[in-house]
Amino acid sequence: MANTIWLEYKNKLEKTFHFNDYNDIIVFVNQVMQIANNQNHHPEISVHFDFVTIRITDYESGAVSEKCHRFVSEVDEILPGTI
C-alpha cells in the first residue's frame, strides 16, 4: 500500500500511499482526516486515481516537529486490512 518511509523534504514529511481501488482511497483519506482532526494538526493531502500523497509540517515553527512525528506515526498504524 505505501512507501516504507516518510521522506523529509523542504521542512515537510512526505509519503505516498498506493492503492488498487479508489474506494480504499476514500476510506483511507477519511481515516487520515480523523487523525488530523483529533490531533489538531492538519496535513496537505493530494488524492489521485491510484495513490495519495501526504505532506505535513508544523506551520507555527516552519519545520518538522514532534507533532508531525506523532501524526505520521498514527497514520502508519492504518493497516491495509482496516480500509
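No lab work stands behind these numbers, since they all come straight from the coordinates. A quick note: this is a predicted structure, and the numbers were derived from the prediction, not measured. Reconstructed Cβ throughout: ideal geometry from the backbone, glycine too, with neighbour counts over all protein chains shown.
At a glance:
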| item | result |
| --- | --- |
| Amide H partners (placed H, <5 Å) of Phe51, local residues excluded | Phe19 |
| Charge tally in the Cβ shell below 13 Å around Ile78, where Lys, Arg are +1 and Asp, Glu are -1, Ile78 excluded | -3 |
| Amide H partners (placed H, <5 Å) of Ser65, local residues excluded | Asp58 |
| Cβ crowding within 10 Å averaged over residues, with 64-76, 39-51, 9-21 ranked highest first | 64-76, 9-21, 39-51 |
| Whichever aspartates and glutamates have a C-alpha closer than 15 Å to that of Lys15, once near sequence neighbours (fewer than 8 apart) are set aside | Glu44, Asp50, Glu74, Asp76, Glu77 |
| 15 Å beta-carbon shell around Asn40, net charge (K/R +1, D/E -1) | -2 |
| Cβ-based net charge around Asn11, under 14 Å, with every Lys or Arg adding one and every Asp or Glu removing one | -1 |
| Ratio Rg/Rh, restricted to the chain and using Cα atoms, in which Rh is the Kirkwood radius | 0.95 |
| Structure-based [θ]222 nm, the chain - -39500 (n - 2.57) summed over DSSP H runs of at least 4, per residue, nearest 500 | -11500 deg cm²/dmol |
